[in-house]
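The values are calculated or read from the model by the stated rules, or taken from the named source; none is laboratory data. Computed from a prediction, not measured in an experiment: that's the story for all the values here. Cβ sites come from the backbone with ideal geometry, for glycine too, and all protein chains shown count toward neighbours. We work out accessible area using only protein heavy atoms, side chains counted, and drop any ligands, DNA or RNA first. Shrake-Rupley method; radii C 1.70, N 1.55, O 1.52, S 1.80 Å.
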Amino acid sequence: MLVTKNITKKFPGVIALENVNLKIDAGKVTAIIGENGAGKSTLMKILSGVYPDYEGEIIFKDQPVNFAGTADAQKAGIAIIHQELNLIPYLTITENIFLGRELGNAFGILDKKAMHAKAKTLLDTLHVDVNPDTLVADLKVGQQQMVEIAKALLLDADLIIMDEPTSAITEAEVETLFKVIEKLRSENKAIVYISHKLNELFKIADNYVVLRDGKTIETGLMQSMTHDELIKKMVGRAIVPMQKELADANAKELLRIENICLKQKNKASKLHNISFNVNGGEIVGVFGLMGAGRTELLETIFGVHPAASSGSVTVNNKNITIKKPADAIRAGIVLLPEDRKKDGLVLGMEVKKNISLPCLHEVEKMGLLNDKKESTLAKKHIQQLGIKTPSENQVTKNLSGGNQQKIVLAKWLERNPKVLLLDEPTRGIDVNAKNEMYKLMQELAGKGMAIVMVSSELTEILTVSNRIIVMAEGKITAIIPAGEATEDNVLKAAISIN
Amino acid sequence: MSFSLNNNHFSKLQSLIALFMLCVVFAVLSDKFFTIANGLNVMRQISVNICIAVGMTLIILTAGIDLSVGSVLALCGAVTAGLLKNGIALPSLNLFIGFTILGAILAGIVVGSLLGFFNGLVITKFKVPPFVATLAMLTIARGLTMLYSNGFPISSFNSAFTFIGGGWLLGLPVPVWIAALIVITAIIVTKKIKLGRYIFAIGGNENAARLSGININRVKIMVYTIAGALAAVGGIIVTARLDSAQPNAGTSYELDAIAAVVIGGTSLSGGRGSIWGTVLGALIIGVLNNGLVLLDVSPFWQQVVKGGVILLAVIIDKMNSKNE
């Protein structure tokens with residue numbers, strides 16, 4: 001039904017996909033398998049018209065196609081159910097399902113009855129027992145996911161892409177979904193199914209495609225595969241661990257986390273009783289698949305969700321009450337956020353002003369900000385971290401990702417933190433910058449800091465960590481010392497639920 | 001490299017050029033325009049708007065807005081006038097408190113600060129959008145003014161008080177001195193102290209500012225409080241100038257202040273702008289008003305022209321930032 005030839009997609013500084021060749025058959029369920037960042041989502045976004053720019057060729061129903069947008073792809077017969085929900089909360093189920101495809105008469109008057117009836121039928125097929133006039137905001141996440149699926153069914157597409165459709169639904173709902181998939185398969189539709197839950201794939205998929213580092217590694221029949229082989233294929237490469245100094249057994253414990261829980265109103269619990277400790281000089285890597293709660297863990301420790309969280313944080317044997325980031329910072333905990341542009345930097349400000357932001361008191365002279373002191377402070381960090389910028393007066397948004405990330409680090413180092421929380425410190429930066437970041441982390445650990453690094457890149461976790469904490473669905477599923485960690489056992493622990 | 005810095009200079013220059021061209025046009029069209037007396041006249045006319053617009057700039061830099069300043073101005077003017085004139089009399093307790101000029105002025109400023117503080121509190125603690133919170137305050141403060149004054153003007157004060165609005169000092173009108181003092185202080189605040197830096201950081205990226213340990217709520221509350229206090233100063237100047245506190249004083253002054261801020265190149269989405277730009281913006285509005293009056297243009301057309309200038313300023317600003 002669909003064939004891709006040498007699809008390549010480049011983002012600034014990164015090649016997301018390289019010569020991907022796929023063959024998706026009608027009447028079959030094709031599983032796309034790969035680690036975080038393997039390129040699955042990018043590939044699906046190309047197939048569904050979200051990214052119109054790429055190299056290579058897509059042949060759909062024997063016709064070469066090049067979709068200018070999602071509407072184009074839908075018209076051709078490709079529907080996608082995205083991982084993030086794309087529903088409008090204050091419209092009803094019916095209104096959401098028919099959004100952009102409303103039924104009406106020649107005068108543009110909506111035919112509410114017909115839409116209501118059709119929505120009802122769709123919900124019935126999915127065994128969702130809710131009135132179609134209910135607001136989406138009033139639904140549980142699982143039900144919202146089903147509405148998303150109903151939306152795709154309405155299109156009567158020939159190819160349906162499901163990106164992690166079961167990440168938010170209950171087991172009973174999964175069963176229903178599988179029945180729907182089987183029905184679609186019997187109608188000779190093609191299904192592309194992406195999931196981290198390998199058990200599901202063995203249940204529902206006919207074929208598999210393994211992606212790794214943006215390349216197609218292998219395709220084949222699901223039947224001929226085993227669980228362990230599949231994991232091996234996903235991981236695939238041998239890695240050379242960096243020269244890692246073993247954590248000093250006599251090192252002082254700098255951070256202790258006990259029973260951290262996070263439960264936001266009307267949402268499923270994000271973290272369950274997380275406890276661990278980190279010694280000075282130690283780098284602890286936190287690994288988990290999408291949605292495991294890694295980012296939430298760091299944010300909770302840093303005081304971003306004071307109202308929804310509980311648990312205790314001890315820094316340097318002192319119990320700390322953290323109600324806001326300022327409390328954490330005062331206690332010596334700092335956070336390098338996952339999204340440096342959204343949370344880390346004031347992009348429109350000069351480099352020096354970003355660096356001095358958390359420690360403005362240091363550049364004051366008789367109560368006034370002193371330009372000279374500020375420049376000196378900024379220059380010191382620019383030199384120490386090797387930040388490439390024409391001057392400390394450069395506007396931050398003009399710098400490359402790696403250099404921006406170093407600025408976020410610089411602004412914290414001036415405060416001499418005891419505990420460094422790093423959330424995806426190398427996301428979206430190039431290989432050289434990554435290696436520099438790893439070296440910096442080891443230097444800082446060498447100076448006695450306790451470092452917690454969250455990463456979705458397994459290689460990175462194995463390369464820099466002294467100890468690895470694996471999370472899945474808001475719980476710690478394994479704590480593995482560096483010497484015993486392999487890609488296999490880490491990934492297994494990350495998938496280990498059920 | 002520092003393209004954006006140049007750009008910044010350029011947009012400042014643009015306002016200056018616009019102001020200069022306006023002056024040239026009016027000077028050619030009217031022989032009364034380019035005189036010292038008229039220049040001082042314009043400066044006195046805009047001084048109240050500058051007081052308000054400086055506070056408004058600080059608020060808009062944090063990506064907020066304050067619609068209540070006009071009403072707050074009226075209330076504070078009335079309170080100062082009332083205390084000066086009648087003091088506080090509580091016959092039932094056989095109590096009378098009289099106010100000196102300084103006392104009455106301070107009381108007016110305290111009232112303005114409290115109203116601003118209340119704005120800030122509602123916006124930060126109860127998460128009410130600034131537009132709505134200050135729209136409510138606009139109505140509340142106007143109502144309080146009517147209640148306090150029973151809807152009548154409070155008039156005729158001694159010359160020491162009216163000096164604040166109509167007097168001269170070293171060749172300049174007193175309100176101009178006051179406005180200049182406020183402007184200089186505000187420039188120091190925005191460029192030279194922590195509060196100013198935090199204001200820019202919050203407007204530029206509130207998340208990053210919060211995660212840098214800045215107490216966002218405290219900064220915002222301070223900014224709204226300052227704006228309230230400055231509106232009070234404006235109210236006192238207006239009262240002294242007219243020798244009367246009018247209950248409907250300051251109506252729609254917030255719009256002139258916002259206009260000055262916007263024409264001065266401060267971004268309504270926060271994080272970008274300057275006090276100096278606002279002063280230029282206020283000057284442009286002032287010169288425009290004055291010139292059109294001198295040319296005998298109908299007040300109805302004056303409004304149309306003023307609106308057009310605001311639009312033009314924002315469009316030019318948008319085009320500048322697109323080029324970045």
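List the residue pairs whose Cβ atoms are under 7 Å apart, where the first residue sits in segment B:288-306 and is over 10 Å from B:SER30 (Cβ atoms) and open to solvent by 40 Å² or more (accessible area, probe 1.4 Å), the second is assigned to a helix (DSSP H, G or I) and modelled with pLDDT under 90, and the two are 6 or more positions apart or on different chains.
Listed by first residue and then by second, the contacts come to B:ASN289/B:GLN302.
Which residue out of B:ILE258, B:ILE216 is closer than 30 Å to A:LEU347 by Cα, over 19 Å from the mean Cα position of the chain (by Cα), at pLDDT 90 or above and not basic (Lys, Arg)? Let's see the steps before the verdict.
Numbers: B:ILE258 fails: over 19 Å from the mean Cα position of the chain (by Cα).
Answer to the check: B:ILE216.
When the residues of segment B:202-221 are narrowed to those that are assigned to a helix (DSSP H, G or I) and free of Cβ contacts under 8 Å to residues at least 24 places away in the same chain, which ends up surrounded by the fewest Cβ atoms within 10 Å (Cβ to Cβ)?
Looking only at segment B:202-221, we keep the residues that are assigned to a helix (DSSP H, G or I), and these are B:202-204, B:206-211, B:216-221.
Now restrict to residues that are free of Cβ contacts under 8 Å to residues at least 24 places away in the same chain: B:207-211, B:218.
Numbers: B:ASN207: 18, B:ALA208: 26, B:ALA209: 27, B:ARG210: 20, B:LEU211: 27, B:ARG218: 13.
For segment B:202-221, the residue satisfying everything is B:ARG218.
Just one of B:LEU230, B:LEU255 is in a helix (DSSP H, G or I) and surrounded by fewer than 21 Cβ atoms within 10 Å (Cβ to Cβ); which is it? It would help to see each step written out before you state the result.
Details: B:LEU230 fails: surrounded by fewer than 21 Cβ atoms within 10 Å (Cβ to Cβ).
Testing whether each residue is in a helix (DSSP H, G or I) and surrounded by fewer than 21 Cβ atoms within 10 Å (Cβ to Cβ) leaves just B:LEU255.
Read through the list (1) open to solvent by 40 Å² or more (accessible area, probe 1.4 Å); (2) hydrophobic (A, V, I, L, M, F, W, C); (3) closer than 20 Å to A:PRO165 by Cβ; (4) touching a strand residue (DSSP E or B) at 6+ places or on another chain (Cβ under 9 Å), then give the number of the only condition that A:ILE149 fails.
Failed condition: (1).
Could you list, in sequence order, the residues of segment B:169-201 that are in a helix (DSSP H, G or I), open to solvent by 50 Å² or more (accessible area, probe 1.4 Å) and more than 9 Å from chain A (Cβ to nearest Cβ)?
Hits for segment B:169-201 are B:TRP177, B:LEU181, B:ILE184, B:THR185, B:ILE187.
One residue is enough: does segment A:243-250 have a residue meeting the conditions acidic (Asp, Glu), at pLDDT 85 or above and either in a loop (DSSP other than H, G, I, E, B) or open to solvent by less than 80 Å² (accessible area, probe 1.4 Å) (or both)? First the steps, then the outcome.
Residues of segment A:243-250 acidic (Asp, Glu): A:245, A:248.
Within this subset, residues satisfying the condition of being at pLDDT 85 or above are none.
Within segment A:243-250 (the criterion being acidic (Asp, Glu), at pLDDT 85 or above and either in a loop (DSSP other than H, G, I, E, B) or open to solvent by less than 80 Å² (accessible area, probe 1.4 Å) (or both)), the answer is no, since none of the residues qualifies.
Just give me the residues in segment A:340-370 being of a type in the set (Asp, Glu) and at the interface with chain B (Cβ under 9 Å from one of its Cβ atoms), in sequence order. Give the derivation first.
Filtering segment A:340-370 for residues of a type in the set (Asp, Glu) gives A:343, A:350, A:362, A:364.
Listed by number, the residues that qualify are A:ASP343, A:GLU350, A:GLU364.
Please verify whether B:PHE117 is open to solvent by 70 Å² or more (accessible area, probe 1.4 Å) and either more than 20 Å from the chain's Cα centre (by Cα) or in contact (Cβ under 8 Å) with a residue 60 or more places away in the chain (or both), treating the condition exactly as stated. Spell out how you get there, then give the answer.
Working: open to solvent by 70 Å² or more (accessible area, probe 1.4 Å): yes; either more than 20 Å from the chain's Cα centre (by Cα) or in contact (Cβ under 8 Å) with a residue 60 or more places away in the chain (or both): yes.
It is true that B:PHE117 is open to solvent by 70 Å² or more (accessible area, probe 1.4 Å) and either more than 20 Å from the chain's Cα centre (by Cα) or in contact (Cβ under 8 Å) with a residue 60 or more places away in the chain (or both).
Could you list, in sequence order, the residues of segment A:261-304 that are within 14 Å of chain B (Cβ to nearest Cβ) and small (Gly, Ala, Ser)? Break it down into steps so the answer makes sense when it comes.
Our first condition is that a residue be within 14 Å of chain B (Cβ to nearest Cβ); within segment A:261-304, this holds for A:295, A:298-304.
Across segment A:261-304, the qualifying residue is only A:GLY303.
Residues of segment A:462-495 being within 19 Å of the chain's Cα centre (by Cα) and over 17 Å from A:LYS232 (Cα atoms), which ones?
Correct list: A:ILE468, A:ILE469, A:VAL470, A:MET471, A:ALA472, A:GLU473, A:GLY474, A:LYS475, A:ILE476, A:THR477.
With respect to B:GLY281, determine if the residue is within 14 Å of B:LEU19 (Cα to Cα) and not in a helix (DSSP H, G or I). Spell out how you get there, then give the answer.
Working: within 14 Å of B:LEU19 (Cα to Cα): yes; not in a helix (DSSP H, G or I): no.
No: the conditions fail for B:GLY281.
Being free of Cβ contacts under 8 Å to residues at least 12 places away in the same chain, assigned to a strand (DSSP E or B) and either on the phi > 0 side of the Ramachandran plot or more than 14 Å from chain B (Cβ to nearest Cβ) (or both): is that true of A:ASN319 here? Break it down stepwise before answering.
On the way: free of Cβ contacts under 8 Å to residues at least 12 places away in the same chain: yes; assigned to a strand (DSSP E or B): yes; either on the phi > 0 side of the Ramachandran plot or more than 14 Å from chain B (Cβ to nearest Cβ) (or both): yes.
Considered against the rule, which asks whether it is free of Cβ contacts under 8 Å to residues at least 12 places away in the same chain, assigned to a strand (DSSP E or B) and either on the phi > 0 side of the Ramachandran plot or more than 14 Å from chain B (Cβ to nearest Cβ) (or both), A:ASN319 comes out as yes.
Quick test for you: out of B:GLY250, B:GLY143, pick the one residue that is at pLDDT below 95 and either more than 14 Å from chain A (Cβ to nearest Cβ) or open to solvent by 20 Å² or more (accessible area, probe 1.4 Å) (or both). It would help to see each step written out before you state the result.
Values: B:GLY143 fails: at pLDDT below 95.
Selected residue: B:GLY250, the only one of B:GLY250, B:GLY143 that is at pLDDT below 95 and either more than 14 Å from chain A (Cβ to nearest Cβ) or open to solvent by 20 Å² or more (accessible area, probe 1.4 Å) (or both).
Which residues, counting only those in segment A:73-100, are closer than 19 Å to A:SER195 by Cβ and assigned to a helix (DSSP H, G or I)?
none
For the condition over 30 Å from A:LYS475 (Cα atoms), open to solvent by less than 40 Å² (accessible area, probe 1.4 Å) and either facing another protein chain (nearest Cβ under 10 Å) or among the hydrophobic types (A, V, I, L, M, F, W, C) (or both), what is the one hit in A:ALA378, A:ALA331, A:ALA308, A:ALA326? Lay out the reasoning, then the answer.
Values: A:ALA331 fails: over 30 Å from A:LYS475 (Cα atoms); A:ALA308 fails: over 30 Å from A:LYS475 (Cα atoms); A:ALA326 fails: over 30 Å from A:LYS475 (Cα atoms).
Result: A:ALA378 is the single residue among A:ALA378, A:ALA331, A:ALA308, A:ALA326 that is over 30 Å from A:LYS475 (Cα atoms), open to solvent by less than 40 Å² (accessible area, probe 1.4 Å) and either facing another protein chain (nearest Cβ under 10 Å) or among the hydrophobic types (A, V, I, L, M, F, W, C) (or both).
Are there any pairs with C-beta distances below 8 angstrom linking a residue in segment A:367-395 that is over 13 Å from A:ILE407 (Cα atoms) to a residue that is of a type in the set (Asp, Glu) and in a helix (DSSP H, G or I), with the two at least 6 apart or on different chains, and if so which?
Between residues of segment A:367-395 that are over 13 Å from A:ILE407 (Cα atoms) and residues that are of a type in the set (Asp, Glu) and in a helix (DSSP H, G or I), the close pairs are A:LYS373/A:GLU362.
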